[in-house]
1. Hey, what D do you get for the stretch 63-103 in µm²/s if you plug the Kirkwood alpha-carbon radius into Stokes-Einstein at 10 °C and 1.306 mPa s?
2. Over the C-alpha atoms of the stretch 1-42, what are the Rg and the largest Cα-to-Cα span, Dmax, in Å?
3. Report relative contact order for the chain in percent, whole number only (criteria: Cα-Cα under 8 Å, sequence separation at least 6).
4. By the scheme Lys and Arg +1, Asp and Glu -1, what is the net charge of all other residues having a beta-carbon under 15 Å from that of Gln81?
5. Could the peptides 21-27, 42-48, 95-101 be put in order, highest first, of the mean number of other beta-carbon atoms found within 10 Å of their residues?
6. Considering only the other residues whose Cβ falls under 11 Å of the Cβ of Leu44, what net charge follows from Lys and Arg at +1 and Asp and Glu at -1?
7. Taking 2.2 N^0.38 Å as the expected size of a compact globular protein, what ratio does the Cα radius of gyration of the stretch 92-221 give against it, to two decimals?
8. To one decimal place, what Kirkwood hydrodynamic radius in Å is obtained for the stretch 1-132 from all pairs of distinct Cα atoms?
Amino acid sequence: MIGDVAGRADAIRERIRRAGGDPDRIRLIAVTKGFGVDVVRAALAAGLVDVGESYAQEMLEKVDRLEEEPSLRWHFVGRLQRNKVRKLAPFVTLWHSVDRLSLGAEIARWAPGARVLAQVDLSGEPTKGGCPPAMLPALVDGLMDLELDVRGLMGIGPLGAPEDARPGFRLLREMAEKQGLSELSMGMTADIEVAVEEGATMVRVGAGLFGPRPGASTVEH
């Protein structure tokens, strides 16, 4: 059972509010990776039109089955291979995980002017991706040279207590400010409050809306 998605979404918004954020301005991205298309429909029914996916083939299968839902905005939030970009390009509203210039070049080839976020490695955990913080200015400059619409930065907090994510989230905000970027995609189910306190403009939530993902990895949104 999916459960009361609308009620859970309200609970997430209340967490954002209690952390000092404005739930009308902080975008709630419903991460439906690992779930079936019925979960996407449940998210839509609850008014959640921003949907996050991490796996190219899974997203494409859902897109195919949800052609009748034009209000959907697809966010690609996972690690991405360049050879997957061409098929995804017509559907992705925002690419969150652009962590290298070669990937940006492929996106620019198939989706000129696409909206992207540069992903920064906040934890040193290789499974999460992201460019080293010291390399971020060069990455952002390179993406802009490709005429991509660089909206901001994305980061994933380390495993552990929510408070352990604060230094990385603070660093991400400081880097965004130095680069003149306004969007910050950070914070998942466990560390929403810390992310909001540190300036998140988007939070990526899966388990908090839909329950545990079947076969979930150690990185659970």
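The values are calculated or read from the model by the stated rules, or taken from the named source; none is laboratory data. The structure presented is a predicted model; accordingly, all values stated were derived computationally and were not measured. Cβ coordinates were reconstructed from backbone atoms using ideal geometry, including for glycine residues, and neighbour counts include every protein chain displayed. Quick note on the areas: whole protein, heavy atoms, side chains included, nothing else; ligands and nucleic acids left out. Shrake-Rupley method; radii C 1.70, N 1.55, O 1.52, S 1.80 Å.
1. Working: Rh = 11.3 Å.
The calculation lands on 141 µm²/s.
2. So, for the stretch 1-42, Rg and Dmax equal 11.8, 33 Å respectively.
3. On the way: 421 pairs, mean separation 45.4, N = 221.
Here the relative contact order equals 21 percent.
4. Values: positive: Arg79, Arg82, Lys84, Arg86, Lys87, Arg100, Arg109; negative: Glu53, Glu58, Asp99, Glu106.
It works out to a net charge of +3.
5. Per-residue mean Cβ counts within 10 Å order the peptides as 95-101, 42-48, 21-27.
6. Values: positive: Arg41, Arg73; negative: Asp38, Asp50, Glu68, Glu69.
Taking every Cβ under 11 Å from that of Leu44, the sum is -2.
7. Details: Rg = 14.3 Å, N = 130, 2.2 N^0.38 = 14.0 Å.
Rg over 2.2 N^0.38 Å, computed on Cα atoms: 1.02.
8. On the way: mean 1/r = 0.0630 Å⁻¹.
After inverting the mean inverse Cα-Cα distance, the result is 15.9 Å.
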